Amino acid sequence: MRKKLRLGIMGGTFDPIHYGHLVAAEEALVQFNLDRVVFMPTGIPVRKTHRSVTSAEHRYLMTVIATASNPDFEVSRMEVDRPGATYTVDTMLALRAQHGASAELYFITGADAVWEILTWKDSERLADVCTFIAATRPGYDLSRFEQDEVARHINVEFMEVPALAISSTDIRDRIGSRRPVRYLLPEAVAAYIAKNDLYRSGV
Ligand code: ATP
Ligand code: MG
């Protein structure tokens, strides 16, 4: 019998992608014995309307550049190409249809984002389709998950990653105020940002 496919999905705005995302994906790949991780840049983000998000094409290309050297990483255009607002549950259902009922889908996310997910559209349906892998930094307090009634009913696995202090917001701020971003994200992504003059006017 063919082995069940174990697929990780790393969804994000990736504005820009950074080492926090890459470290989390690699850690999930190894700790959960995944066959590969699909990076899924969002199209029009439904939850980030307070600032103008960089075009989907730039975010998609930066994600391709950042993941190009890893044979177990790939990037999907599914959300980028879908018109209108994107909902993670629709993406997961599409992946489920594409890979069949036996595939195991793992949605990789920061631990704090799991709390947000509980308030998303159709979060219960989402939890039926996939297992969450939540990245925490060493020493993260898991007790609120253990105590939370809703959280107890969704499948969440935790893993520790070392690079959690990096965020896209901080990188955009740094570029806007001409501070360094070297060692926070792949050099080729930093070069792409400079070449296309992204984030220079602040956020
Ligand atoms: P922003 O600052 O704009 O919110 P971000 O750095 O949080 O950006 P996103 O694209 O929003 O990046 O994140 C995509 C996914 O990666 C989310 O699930 C988020 O929790 C997770 N993530 C973000 N930064 C890290 C990090 N440093 N380590 C592990 N996971 C991260
Ligand atoms: Mg974020």
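Summary of values
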| item | result |
| --- | --- |
| Pairs where the first residue, in region 164-180, is among the aliphatic types (A, V, I, L, M) and the second is part of a helix (DSSP H, G or I) and within 11 Å of ligand 2 (Cβ to nearest atom), C-beta under 9 Å, 6+ apart | L164/G20; A165/G20; I166/G20; I166/H21 |
| Test: A97 is more than 16 Å from ligand 2 (Cβ to nearest atom) and touching a Leu at 6+ places or on another chain (Cβ under 6 Å) | no |
| Top-ranked residue of region 102-128 - restricted to ones that are surrounded by fewer than 17 Cβ atoms within 10 Å (Cβ to Cβ) and at pLDDT 90 or above, ranked as nearest to the chain's Cα centre (by Cα) | E104 |
| Residue count for region 74-86, restricted to those that are buried (at least 18 other Cβ atoms within 10 Å of the Cβ) and of a type outside the set (A, V, I, L, M, F, W, C) | 3 |
| Selection from region 161-189 of residues that are away from ligand 2 (no atom under 16 Å from the Cβ), within 19 Å of the chain's Cα centre (by Cα) and at pLDDT 90 or above | P186, V189 |
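Conditions tested, residue by residue: (1) within 12 Å of ligand 1 (Cβ to nearest atom); (2) assigned to a loop (DSSP other than H, G, I, E, B); (3) in contact (Cβ under 8 Å) with a residue 24 or more places away in the chain.
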{"position": "K4", "(1), (2), (3)": "no, yes, yes"}
{"position": "E27", "(1), (2), (3)": "yes, no, yes"}
{"position": "M62", "(1), (2), (3)": "yes, no, yes"}
{"position": "T91", "(1), (2), (3)": "no, no, yes"}
{"position": "T109", "(1), (2), (3)": "yes, no, yes"}
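The values are calculated or read from the model by the stated rules, or taken from the named source; none is laboratory data. Please read all numbers here as calculations on a predicted model, not as lab measurements. Cβ: placed from backbone, ideal geometry, glycine included. Neighbour counts: every protein chain shown.
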